[in-house]
Amino acid sequence: MKQKEREIPGTYEPLQWESKYSVREQFLDTHHQSLLALVNLLRSMCQDTIKKELVLATLADLKEYCNYHFIAEEKYMAINHYTGLEEHRESHELYTRTITSFYQEIETGKLDKIFDLVDFLEQWWEHHILVLDQDYADFIEARA
Ligand SMILES: [Fe+2]
Ligand SMILES: [Fe+2]
């Protein structure tokens with residue numbers, strides 16, 4: 001994926017929820033909206049002065065909420081016999097590993113990593129929610 005220009009600290013606007021993100025299942029859309037709120041909270045922390053403890057606490061919340069969401073989403077895919085479940089599960093695992101590694105780097109004092117983190121989260125949001133999550137939504141809708 002192409003690396004975009006880094007935004008200037010203090011100019012990270014919140015990402016907006018749009019109907020194209022819907023996976024046509026209310027409880028999963030609600031999860032995704034909560035995830036987006038946490039991503040936006042991290043974006044708002046991209047300032048000249050980075051508050052390490054706040055970033056780490058939010059990142060820990062994001063990790064915990066993702067874990068909760070991934071379990072629910074994988075169950076939903078399994079009960080609907082989604083054929084791409086294993087590949088999708090791997091994408092969730094990679095995400096969790098990446099978030100953990102960002103957490104560790106920021107914890108050791110590399111505060112600038114928050115900028116790479118929010119870029120990663122934005123790309124993940126566009127790719128995972130809009131492509132991979134849409135794939136199971138289309139599959140399940142076609143079976144209904
Ligand atoms: Fe997913
Ligand atoms: Fe999801």
With the requirement that a residue be surrounded by 10 or more Cβ atoms within 10 Å (Cβ to Cβ) and closer than 18 Å to Val131 by Cβ, what does the range 1-32 give you? Leu15, Trp17, Tyr21, Ser22, Val23, Arg24, Glu25, Leu28, Asp29, His31, His32
Just one listed residue, out of Ala137, Ala142, is within 16 Å of ligand 1 (Cβ to nearest atom) and either part of a loop (DSSP other than H, G, I, E, B) or small (Gly, Ala, Ser) (or both), and it is Ala137
Tell me, yes or no, whether the range 92-112 has at least one residue that is within 13 Å of ligand 1 (Cβ to nearest atom), hydroxyl-bearing (Ser, Thr, Tyr) and either part of a helix (DSSP H, G or I) or exposed (fewer than 15 other Cβ atoms within 10 Å of the Cβ) (or both). yes
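Any idea which residue in the range 37-50 is farthest from ligand 2 (Cβ to nearest atom), counting only those that are out of contact with any helix residue (DSSP H, G or I) (no Cβ under 7 Å at 6 or more places or on another chain) and in contact (Cβ under 8 Å) with a residue 24 or more places away in the chain?
Restricting to residues being out of contact with any helix residue (DSSP H, G or I) (no Cβ under 7 Å at 6 or more places or on another chain) and in contact (Cβ under 8 Å) with a residue 24 or more places away in the chain, the top hit is Asp48.
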In the set Glu53, Glu73, which member is touching a residue at least 60 places away in the same chain (Cβ under 8 Å) and either in a helix (DSSP H, G or I) or touching a Lys or Arg at 6+ places or on another chain (Cβ under 8 Å) (or both)? Glu73
Checking Thr58 against (1) in a loop (DSSP other than H, G, I, E, B); (2) crowded, with 17+ Cβ neighbours inside 10 Å; (3) of a type in the set (Val, Ile, Thr), which test does it fail? (1)
Got at least one residue in the range 86-93 being touching a residue at least 40 places away in the same chain (Cβ under 8 Å), within 14 Å of ligand 2 (Cβ to nearest atom), within 22 Å of Pro14 (Cβ to Cβ) and touching a Leu at 6+ places or on another chain (Cβ under 8 Å)? no
Breaking point among (1) surrounded by fewer than 17 Cβ atoms within 10 Å (Cβ to Cβ); (2) more than 14 Å from ligand 1 (Cβ to nearest atom); (3) not basic (Lys, Arg), for Leu117: (1)
Restricting the range 1-25 to residues that are within 16 Å of ligand 1 (Cβ to nearest atom) and in a helix (DSSP H, G or I), the one farthest from Glu122 (Cα to Cα) turns out to be Lys20
Condition check: over 13 Å from the mean Cα position of the chain (by Cα) and within 15 Å of ligand 2 (Cβ to nearest atom). Does Glu126 satisfy that? no
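Quick note: the coordinates plus some simple rules give every number you see, no bench work behind them. Model, not experiment: these values are computed from the prediction. In this analysis, Cβ positions are derived from the backbone assuming ideal geometry, glycine residues included, and neighbour counts consider all displayed protein chains.
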